[in-house]
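Each value in this text was obtained by applying a stated rule to the coordinates, not by laboratory testing. On a predicted model such as this, the values are computed, not experimentally measured, just so you know. Positions of Cβ are generated from backbone atoms using ideal geometry, with glycine treated the same way; all protein chains shown enter the neighbour counts.
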Amino acid sequence: MKLKKIITIASIIGCMEVSAGLPAPIDGIGFKDWAAANAFMTRGMSKEKVANILGVSVSSWENTNKKWSQNLNKLMRKDFSIMNVYGEVLKHPNVGKFANISEDDSMKALLKKVPTYEKYTEILAYMDPIHKNKIDGYLQKLYGLSAQEWSQVSMYWSDYLKKKEWFNASHEEKMKHRKEIKEFEDYDRALSAKWREYFKTH
C-alpha cells in the first residue's frame, strides 16, 4: 500500500473519531485503540504484541502512549465525560483494532507466572505488611509482575473462589458442602501459614 493511501485512510479514521465526539488520534492511534491497548496490557498482553496489533514499532507505541496519558488530564478538564468512554473501553476492550482479540490470550500469559492457587497464596503472603517497603521493586524482580498485572491475576484467583458451588450459597446450602468447605479452609490456612513463615526469614 502506498504511503499516500495509508495517510488518507488514517485521516479518514481520525475524522470519524472526531465526528463521534472523540479527540483526534495521536500519531495515528485513536483514543479507543489507545484505551483498548492499555486495557489488554493490564490483562497481561506484552507491549510488543500491542504494538504489532496497532501496526507500529514498540518505541512508537511507548511514545504515543505517553502522549495520550499526558493528554488525558487535559481532556478530562475540558469534558469529564471522556472518562465514561475510557472506562467503558477498559471494561470491554474489544473495539477498533482489538475487536477480534481474545482476552484469554493475554490472561494465559499472566497465568504462566501464577499458574496455581498455591503460587497465588505464596505471592499474597509476600505482600504481607512486613514486606511493604520492598513490594514495588521485588514483586517485579521475584515474580515478574507489575502492580497492574498483580491486580489482574488477583482478580482471576478471586473469581476462581467465587465459582465454587458453595461460595455464595445460603447457610443451608453451605451445610451440605461443609466437608468440602472445611477441606478448602484447612488447605488455604496451611498454605498461608507455610508462606508467611517462609517470608519471615527471607
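At-a-glance table
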| read-out | value |
| --- | --- |
| Net charge over other residues, Cβ less than 13 angstrom from the Cβ of D186 (K, R count +1; D, E count -1) | +1 |
| Shape call, region 132-202: gyration tensor on alpha carbons, a/c limit 1.5 | oblate |
| At most 12 other Cβ within 10 Å, DSSP loop - chymotrypsin sites (Phe, Trp or Tyr not before Pro), region 31-103 | F80 |
| Difference of contour (0.36 nm per residue) and Cα-Cα distance, Y198 to I181 | 3.5 nm |
| Filter on K32/K162; K67/K141; K119/K182 - keep pairs with C-alpha separation over 23 Å | K32/K162; K67/K141 |
| Percent RCO, i.e. relative contact order, over region 32-126, from Cα pairs under 8 Å lying at least 6 residues apart | 46 |
| Gain upon complete extension [E48, M76; 0.36 nm per residue less C-alpha separation] | 7.2 nm |
| Charge context of S158, other residues only, Cβ under 14 angstrom, K/R +1, D/E -1 | +1 |
| Part-to-part distance (alpha-carbon centres) for region 86-101 and region 20-38, which is given in Å | 11 |
| Theoretical gain in end-to-end length, E118 to S170 [0.36 nm per residue, Cα-Cα removed] | 16.0 nm |
